[in-house]
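Engineer: One structure is given below, represented as structure tokens, and several questions about it will come after.
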Amino acid sequence: MRVHFIAIGGAVMHNLALALKQKGYKVTGSDDEIFEPSRSRLYSAGLLPEKNGWDPEMITSDIDVVILGMHARDGNPELEKARELERVPGSGLKIQSFPEFLYEQTADKKRIVIGGSHGKTTITSMVMHVLKSNGIQFDYMVGSIVEGFDTMVGLSEESEIAVFEGDEYLTSALDRRPKFHLYKPHVSLISGIAWDHMNVFPEEEDYLEQFRIFIEKTEVGGSLVYCAEDPILQNLIKSSGRILDYIPYREHRFENISDKTQLIFNGDKYPVNVFGRHNMQNISAARTICELLGINHADFYTSIASFTGAARRMQLLQENDETAVYLDFAHAPSKVMATTTAMKDQYPERHLVAVLELHTFSSLNAEFLPRYEASMECADTAIVYYNPKTVAHKKLPKISVRQIAEAFNKQGLDVYSDADKLMQDLRGFSWTGSNLLIMTSGNFDGQDMQSLASSIIDQ
């Protein structure tokens, strides 16, 4: 099969391209700009486009599928050429988004789709880790690099199941359906619901409706696993008339001893590398999915003990006896609160410095900002960073330092709009007996978090 990617440089897109090349497909692609690590990974695989930009001459009649990335817009010259060829009588060319393509690749397999406003990447990663540890073949797609896996996407002829992270964001610039509506799962999971993505779901009810549809897209007679501790989700489940096996889960029992977390099950204790109440919910979710796939309790607990987390999900960057530096993808209010609380609960004797970058459309929206109230309450020192240029780029109304401070309502909150100054000040802190938690879905305008962590630990 020959496949061409329009906007091959995206996180999932380039991983799918790598996976298809490994599968033996002929793969080409294009993009107007490609950043690291996509660039190096595509180059190593021989898939890096010779030049930036779009070239309609790359779209030929011998292509079977053109996969359209989120970055590609209507009017893209390659897309227009593909549409022309698609209309030719007898043409075998199809234009698909990556969710459509993944569904088609796994149409004859048992599909497990893990969705929710928070925790879906970690739960998917946990399930992948346990399945691999137990020698079970499976296809997968996850939104982060997971230890033990070379790519974020894996497809094979031999596997009988597929485990996909289900993202509620739009499928492509041309397809306004959320990605998780296209997978038609046999087993669905919803970890929780907290309004996000105001740019495409301007009202909270719009956002909730996407999860109602997700439930309706689950195959009749299938299973829906859900967090019973989320009241919004509970109400959604009660109103659903879909004929499914509804399976609730709750926070796993645990204890913390000397900064280490142990799971408690049937009187036995199992040490794990992740911590925080939200991760105890995630572990229960993963265990429930694994049970449905035939993994017994003993094998699950043996496997989950070696799980170290997904990249940028409570990721330990550096530590010594006095200080630890963590990086997390948290950006929405519920995620910020859960992550900050987890850090303080795990290290109660240490001073916690929590730094949050406001980077998403929702987080930089003045109407959404008040939802962050009390989200950093567990931090001893709370810092928020935003770039006014990012606000302008997203064509949002200006927000001020005062607006941010009032929205968070956190005594002593520091607000920065200069990333270099923030990094300089963080390096100048006295870190003995303190931890740093960095929360962002961006990168603080190109700052090197690993370098920051090293300079703090080497003080």
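Engineer: Being in the same structural domain as D380 (by TED's automatic domain parsing) and under 30 Å from Y207 (Cβ atoms) is the requirement here; does T323 meet it? Show your work before the answer.
Structural biologist: Numbers: in the same structural domain as D380 (by TED's automatic domain parsing): yes; under 30 Å from Y207 (Cβ atoms): no.
So T323 does not fit the description; no.
Engineer: One residue is enough: does segment 157-173 have a residue meeting the conditions in a loop (DSSP other than H, G, I, E, B), assigned by TED's automatic domain parsing to the domain that holds E291, under 21 Å from L236 (Cβ atoms) and not charged (D, E, K, R)? Spell out the reasoning first.
Structural biologist: Step one: filter segment 157-173 for residues in a loop (DSSP other than H, G, I, E, B), giving 157-160, 166-169, 171-173.
Right, trim to assigned by TED's automatic domain parsing to the domain that holds E291 and you get 157-160, 166-169, 171-173.
Add one more test, that the residue is under 21 Å from L236 (Cβ atoms), and what stays is 166-169.
Retained after the next criterion (residues that are not charged (D, E, K, R)): 166, 169.
Yes, the conditions are met somewhere in segment 157-173.
Engineer: Moving to a separate point now. Looking at segment 84-117, which of its residues are free of Cβ contacts under 8 Å to residues at least 24 places away in the same chain and more than 21 Å from G10 (Cβ to Cβ)?
Structural biologist: Quick first cut of segment 84-117, residues free of Cβ contacts under 8 Å to residues at least 24 places away in the same chain only: 84, 86-87, 89-90, 104, 107-108.
If the condition is that a residue be free of Cβ contacts under 8 Å to residues at least 24 places away in the same chain and more than 21 Å from G10 (Cβ to Cβ), then E84, E86, R87, P89, G90, A107, D108 are the ones that fit.
Engineer: Give the number of residues within segment 416-427 that are in contact (Cβ under 8 Å) with a residue 24 or more places away in the chain and over 28 Å from the mean Cα position of the chain (by Cα).
Structural biologist: 1
Engineer: Assess whether I59 counts as being over 24 Å from G154 (Cβ atoms), more than 27 Å from the chain's Cα centre (by Cα), surrounded by 14 or more Cβ atoms within 10 Å (Cβ to Cβ) and β-branched (V, I, T). Spell out the reasoning first.
Structural biologist: On the way: over 24 Å from G154 (Cβ atoms): yes; more than 27 Å from the chain's Cα centre (by Cα): yes; surrounded by 14 or more Cβ atoms within 10 Å (Cβ to Cβ): yes; β-branched (V, I, T): yes.
Here the answer is yes, as I59 does meet what is asked.
Engineer: Next question. Pairs please, first residue from segment 393-415 and closer than 16 Å to T360 by Cα, second anywhere and at pLDDT below 95 and among the aromatic types (F, W, Y), Cβ atoms under 6 Å, 6+ apart in sequence or on different chains.
Structural biologist: K394/F361
Engineer: Within segment 234-332, which strands (runs of 3 or more DSSP E) (wholly inside it) include 2 or more residues that are at pLDDT 95 or above and within 23 Å of the chain's Cα centre (by Cα)? Give the derivation first.
Structural biologist: Details: elements: 245-249, 254-257, 260-265, 268-272, 315-319, 324-328.
Correct list: 245-249, 315-319, 324-328.
Engineer: Something else now. Filter segment 24-51 down to residues that are among the β-branched types (V, I, T) and part of a strand (DSSP E or B) and give me whichever is surrounded by the most Cβ atoms within 10 Å (Cβ to Cβ). Spell out how you get there, then give the answer.
Structural biologist: We begin by selecting, within segment 24-51, every residue among the β-branched types (V, I, T); these are 27-28, 34.
Adding the requirement that they be part of a strand (DSSP E or B) leaves 27-28.
On the way: V27: 24, T28: 16.
The extreme case among them is V27.
Engineer: Can you name the residue in segment 420-431 that is surrounded by fewer than 18 Cβ atoms within 10 Å (Cβ to Cβ) and either outside the structural domain of A382 (by TED's automatic domain parsing) or touching a strand residue (DSSP E or B) at 6+ places or on another chain (Cβ under 9 Å) (or both) and is also nearest to A366 (Cα to Cα) among such residues? Give the derivation first.
Structural biologist: Quick first cut of segment 420-431, residues surrounded by fewer than 18 Cβ atoms within 10 Å (Cβ to Cβ) only: 420-421, 424-425, 427-430.
Cutting the leftovers down to either outside the structural domain of A382 (by TED's automatic domain parsing) or touching a strand residue (DSSP E or B) at 6+ places or on another chain (Cβ under 9 Å) (or both) gives us 425, 429.
Values: D425: 27, F429: 31 Å.
Checked segment 420-431; the qualifying residue nearest to A366 (Cα to Cα) is D425.
Engineer: Scanning segment 108-153 for residues that are assigned to a loop (DSSP other than H, G, I, E, B) and under 21 Å from L170 (Cα atoms), which turns out nearest to the chain's Cα centre (by Cα)? Lay out the reasoning, then the answer.
Structural biologist: The initial filter retains those residues of segment 108-153 that are assigned to a loop (DSSP other than H, G, I, E, B), namely 108-109, 116-119, 134-138, 142-145, 147-152.
Within this subset, residues satisfying the condition of being under 21 Å from L170 (Cα atoms) are 116-119, 142-144, 152.
Details: G116: 10, S117: 9, H118: 8, G119: 8, V142: 7, G143: 5, S144: 6, M152: 11 Å.
Ranking the candidates gives G143 first.
Engineer: Next question, about the same structure. Any residue at all in segment 274-284 that's exposed (fewer than 13 other Cβ atoms within 10 Å of the Cβ), touching a residue at least 24 places away in the same chain (Cβ under 8 Å) and not acidic (D, E)? Steps first, please.
Structural biologist: Going through segment 274-284, the residues exposed (fewer than 13 other Cβ atoms within 10 Å of the Cβ) turn out to be none.
No; the residues of segment 274-284 include none that is exposed (fewer than 13 other Cβ atoms within 10 Å of the Cβ), touching a residue at least 24 places away in the same chain (Cβ under 8 Å) and not acidic (D, E).
The values are calculated or read from the model by the stated rules, or taken from the named source; none is laboratory data. What you are looking at is a predicted structure, and each value in this text was computed from that prediction instead of being measured. All Cβ positions, glycine included, derive from the backbone under ideal geometry; neighbour counts span all protein chains shown.
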